[in-house]
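Bear in mind these aren't lab numbers, they're just calculated from the coordinates by the rules spelled out. Given the structure is predicted, the values throughout are model-derived calculations rather than measurements.
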Amino acid sequence: MPPAYAQGVAQFASQRGRDVDDPKQNGLGWGLLVKTWHQPWSDLSGGEAQRALLAIALSRRPAVLLLDELTSDLDTEATLAVERTLAEHSAIWVTHDGAQIDRVADRTLALT
């Protein structure tokens with residue numbers, strides 16, 4: 001995995017010494033090809049970058065995820081795959097997609 005993606009995260013003091021998973025495993029389940037991990041960041045589409053960043057975040061085994069319009073650049077298939085994965089995690093998730101709220105939320109708070 002290139003330093004520009006996940007290895008740089010390990011440089012933060014809060015991340016040193018943590019057990020981590022391979023982000024490529026989640027990425028494969030979301031349609032990210034292995035070659036994606038070897039491309040320059042600037043060559044990735046918005047959806048590829050979102051999936052790569054989420055895969056890296058999940059590889060760090062966070063207790064809670066803070067997500068803001070996480071699937072906005074993803075197609076329907078990738079969105080549903082990401083939602084299935086995230087069902088196993090605790091998250092505070094901001095979305096404007098009512099159908100997504102119905103699919104993923106245990107509790108909601110509407111800000112008007």
Seminar exercise, completed: Per its Cα gyration tensor (rounded if a/c is under 1.5, else prolate when a/b beats b/c, else oblate), the stretch 7-104 is best filed as oblate
Seminar exercise, completed: The answer for W93, listing residues at least 5 apart or on another chain whose modeled amide H is closer than 5 Å to its amide H, is L67
Exercise. Relative to the longest principal axis of the chain, what angle (0 to 90°, nearest 10) does the C-alpha long axis of helix 46-59 take?
Worked result: 80 degrees
Exercise. Across the stretch 64-71, in residue order, what do the Karplus-derived ³J(HN,Hα) couplings come to in whole Hz, using 6.51 cos²θ - 1.76 cosθ + 1.60 with θ = phi - 60° and x for Gly and Pro?
Worked result: 9, 9, 10, 10, 10, 6, 4, 9
Exercise. When only Cα pairs under 8 Å and 6 or more residues apart are kept, what is the percent relative contact order across the chain?
Worked result: 25 percent
